[in-house]
1. Return yes when Leu366 is buried (at least 18 other Cβ atoms within 10 Å of the Cβ), within 16 Å of ligand 1 (Cβ to nearest atom) and either of a type in the set (A, V, I, L, M) or under 14 Å from Tyr262 (Cβ atoms) (or both) and no when it is not.
2. I'm told Ser433 meets every condition in (1) over 23 Å from Lys102 (Cβ atoms); (2) within 16 Å of ligand 2 (Cβ to nearest atom) except one. Can you identify the failing condition by its number?
3. Here are some residues: Leu229, Leu217. Which one is farther than 22 Å from Gly330 by Cβ and either assigned to a helix (DSSP H, G or I) or of a type in the set (A, V, I, L, M) (or both)?
4. State all residues of region 470-494 that are of a type in the set (Val, Ile, Thr) and away from ligand 2 (no atom under 13 Å from the Cβ); if no residue qualifies, say none.
5. Considering only region 243-257, how many residues are without any contact (Cβ under 8 Å) to a residue 40 or more places away in the chain and either within 12 Å of Ala178 (Cβ to Cβ) or of a type in the set (Lys, Arg) (or both)?
6. Determine whether Leu344 is out of contact with any Cys (no Cβ under 6 Å at 6 or more places or on another chain) and under 21 Å from Val392 (Cβ atoms).
7. So, of the residues in region 420-442 that are touching a helix residue (DSSP H, G or I) at 6+ places or on another chain (Cβ under 6 Å) and of a type outside the set (Val, Ile, Thr), which turns out to be nearest to Lys484 (Cα to Cα)?
Amino acid sequence: MWIFTFLSFCFFFSCGLGTQFPEIIEMEAVSTSVHTFPKDFSFGASTAAYQIEGGWNEDGKGPSIWDTLTHTHPEIIADHSTADIGADSYHLYKKDVEALKKVGFQHYRFSISWSRIFPYGTKINAKAFDYYNKLIDELILNQIEPVVTLHHYDLPQWVQDEGGFLNPNVIEYFKLYADTIFREFGSRVKMWITFNEPFDACTEGYGRGVSAPLIKLSGVGEYICGHYLLLAHASAYHLYKSRYAKDQRGMIGITLDGRFYYPKDATVTNDIVERAIQFDIGWFANPIFSKDGGYPKVMIDEINERSKKEGQAWSRLPKMSKTTMKYVKGTADFLGYNYYSSRLVRLNTSDFDPNAVPSWLSDTRLIYETEPSWKQAKSSWLYSVPQGLHDVLVWFKNQYNNPLVLITENGWSDDGRLDDNDRIEYLKSHLISVSKAINEDKCNVIGYTTWSIIDNFEWTRGFTEHFGLFTVNLTSPEKERTAKKSAGYFHDVIKNRSV
Ligand SMILES: *[C@@H]1O[C@H](CO)[C@@H](O)[C@H](O)[C@H]1NC(C)=O
Ligand SMILES: *[C@@H]1O[C@H](CO)[C@@H](O)[C@H](O)[C@H]1NC(C)=O
């Protein structure tokens, strides 16, 4: 068996022509185990426009909030880099498709740059269609299904100039953009994701102000952002269903992130753990996926009570009217989910401080910790907790009536080494969790997407943290993509459909 594996492996990875995988026998041990995946389960890899494209001002593209951040505040980026060129997928997308093909991925999740299509306002830049048409056609030619995220952090600067997600105008702007994208690409794209990680976009961008657009409106901005983002999502969903779904027959969902939580010690009740999950995942999932809709009760009650104690005239969490609740509820054919890590929680028993600046964190009244035995990645926030992925999938099943789930991101950061054994270990343990959730717990997980196919610009960490199955030579004009050991590992997983 391993000889066959080795031969097919060499076919894809041209062994002897520069790329060597001496650890091939280790991979065989992996492929004989019993954690399987259903026939129609899809394996893929993920990227986002700003992180890989480059071509930041080409063919009429306007600036996004990430162009603005990297150009005006280089000190915020760990290595003071920008993604003006980066992996240059704008010109070298065929190399990305080639890399996907080599591993055997069945789908590719990428995002479209909104400010290419609408650079400075509501006037379309049709030139920008070319790049995405070429990319989509190249994927289909190679039997790789495109999974398209409409918005992955890179809001057009002109939308931000009007307040971005703090101004309800963003809803109509997003709907116009979504309409354009569905019309232009919907004949070939059957999986749509409206937004990526609203929790991070809103808490980091509009609450703590540590990511673009750097708005520090702690305890207020993140909730307004979340509110209008949910409405923008729902408006795109309704538009797709009423105008496009009948002919195009695609599915549309949203990608949420969120950790899973465990009690720090025996004094921590289930209610406290549940509270942690609701403040994180539930904030965006409850309005869309729950039976009744609206924000989680624990968030409504807690933020209302704290707002009162602070002397505010009304709750910092926007009220969702019955009409809005109905409008947002059920607006997803599937739940896209990014899983990276988990945390331990306990209640913060300190007294309420009326003079403290409110924040999402203080609203949770929780203290978040990690377990010393959890292996840490290069990223400060990333600890390997594979059990958390299994448990959150079971939680989705129980909480939201077993929705279709597409895992849209899962991955490990390191220093960029080719011999990336820790990444292989992370992927393997997390794939086992997914397999168990499907086979033992009957969770409706339809696919798994790893982050990422290539090393790329990791937001404020610049190019210092590497998540790719392929490394990219950033100093070469050709930006060669070179397979890491994990690419070979994943190739075998897909080929054997088991871990
Ligand atoms: C616990 O709450 C108090 C009062 O709100 C706050 O000052 C403190 O920073 C919190 N502790 C942690 C670890 O979050
Ligand atoms: C990257 O490309 C440059 C320029 O072509 C070359 O000199 C260098 O050796 C390459 N680095 C690696 C690690 O292949």
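The values are calculated or read from the model by the stated rules, or taken from the named source; none is laboratory data. As the structure is a computational prediction, the values presented were derived from the model and not from experiment. Reconstructed Cβ throughout: ideal geometry from the backbone, glycine too, with neighbour counts over all protein chains shown.
1. Spelling it out, Leu366 is indeed buried (at least 18 other Cβ atoms within 10 Å of the Cβ), within 16 Å of ligand 1 (Cβ to nearest atom) and either of a type in the set (A, V, I, L, M) or under 14 Å from Tyr262 (Cβ atoms) (or both).
2. It fails just one condition, (2).
3. Leu217
4. Once the filter is applied, which keeps residues that are of a type in the set (Val, Ile, Thr) and away from ligand 2 (no atom under 13 Å from the Cβ), region 470-494 yields Val493, Ile494.
5. 1
6. When the stated conditions are applied, Leu344 passes them.
7. Of everything passing the filter in region 420-442, Asp420 is nearest to Lys484 (Cα to Cα).
For (1) free of Cβ contacts under 8 Å to residues at least 12 places away in the same chain; (2) under 18 Å from the mean Cα position of the chain (by Cα); (3) surrounded by 24 or more Cβ atoms within 10 Å (Cβ to Cβ), each residue gets a yes or a no:
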site: Ile407; (1), (2), (3): no, yes, yes
site: Arg417; (1), (2), (3): no, no, no
site: Glu425; (1), (2), (3): no, no, no
site: Ser429; (1), (2), (3): no, no, no
site: Ser435; (1), (2), (3): no, no, no
site: Asp441; (1), (2), (3): no, no, no
site: Leu469; (1), (2), (3): no, yes, yes
site: Pro477; (1), (2), (3): yes, no, no
site: Lys485; (1), (2), (3): no, no, no
